[in-house]
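One structure is given here, and the rest of the page talks about it.
All of the numbers you see were taken from the coordinates with simple rules; none came from a lab. Every value quoted in this text rests on a predicted model; they were computed, and no experiment measured them. Here the Cβ positions follow ideal geometry from the backbone for every residue, glycine too, while neighbour counts run over all protein chains shown.
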Amino acid sequence: GEDVEQSLFLSVREGDSSVINCTYTDSSSTYLYWYKQEPGAGLQLLTYIFSNMDMKQDQRLTVLLNKKDKHLSLRIADTQTGDSAIYFCADGPAFNKFYFGSGTKLNVKP
Amino acid sequence: DAGVTQSPTHLIKTRGQQVTLRCSPKSGHDTVSWYQQALGQGPQFIFQYYEEEERQRGNFPDRFSGHQFPNYSSELNVNALLLGDSALYLCASSSKTSGLETQYFGPGTRLLVL
């Protein structure tokens, strides 16, 4: 089955840029996604990229996709304390299934 | 426009009991997927419902079953609960009809099995 991997933790200072990385194994997915989860809450869709694109920018968020290396990254510019959360990358649909990584916990220090 | 709603928000059950969780999809969506998120883990796909049928299933036993109603809302049923079923259960909706398969999630139901 599909395997989506993320690093577990990232710590940055307020105002710096954050880069969260993700690797995946299945190249048949249509889209790749980034979700944000705050404590005790569901998943909030942040952004997504079509699998034939290289880059997508959405305000402070930049998504880069390297399809050859099966690597996805999320860059958050001017990171704020409100950005502290767990970030999940996901891909799908592949035969109606979506696959999630185990999440990267972003800690933003003031 | 209401997003995805789930009920109840929290639930406590004992081993061996049965539980039913409910989900109403986002307006305009026709597809509902269910996920189990254990503490410290990413969501694991349980199954997806479209046109009132289960379209795909993840690696979950038959104790997990579901249903989709004509109004697209859905239920997740878990029988013979085990301690390991304690988790956050997330519902996500999307639209196959419009080709927009991006999933939007509800707030989840937190299930504790004692």
Identify the residue in the stretch A:1-37 that is part of a loop (DSSP other than H, G, I, E, B) and of a type in the set (D, E, K, R) and, among all such residues, is farthest from the chain's Cα centre (by Cα).
A:Glu14
Which residue out of A:Val63, A:Val108 is touching a helix residue (DSSP H, G or I) at 6+ places or on another chain (Cβ under 9 Å) and farther than 16 Å from B:Phe105 by Cα?
A:Val108
Flag if B:Ala80 is more than 10 Å from the chain's Cα centre (by Cα), on the phi > 0 side of the Ramachandran plot and either facing chain A (nearest Cβ under 10 Å) or among the hydrophobic types (A, V, I, L, M, F, W, C) (or both)
yes
Need a quick list: strands (runs of 3 or more DSSP E) entirely within the stretch A:52-110 having at least 3 residues that are surrounded by 13 or more Cβ atoms within 10 Å (Cβ to Cβ).
A:61-66, A:71-76, A:85-94, A:97-100, A:104-109
Can you run down the residue pairs with Cβ atoms below 7 Å, 6 or more apart or on separate chains, where the first is in the stretch A:31-57 and within 11 Å of chain B (Cβ to nearest Cβ) and farther than 19 Å from A:Leu8 by Cβ and the partner is surrounded by fewer than 14 Cβ atoms within 10 Å (Cβ to Cβ) and hydrophobic (A, V, I, L, M, F, W, C)?
A:Tyr31/A:Phe50
For the subset of the stretch A:12-24 comprising residues that are surrounded by 12 or more Cβ atoms within 10 Å (Cβ to Cβ) and more than 14 Å from A:Asn66 (Cβ to Cβ), which member is nearest to the other protein chains (Cβ to nearest Cβ)?
A:Ile20
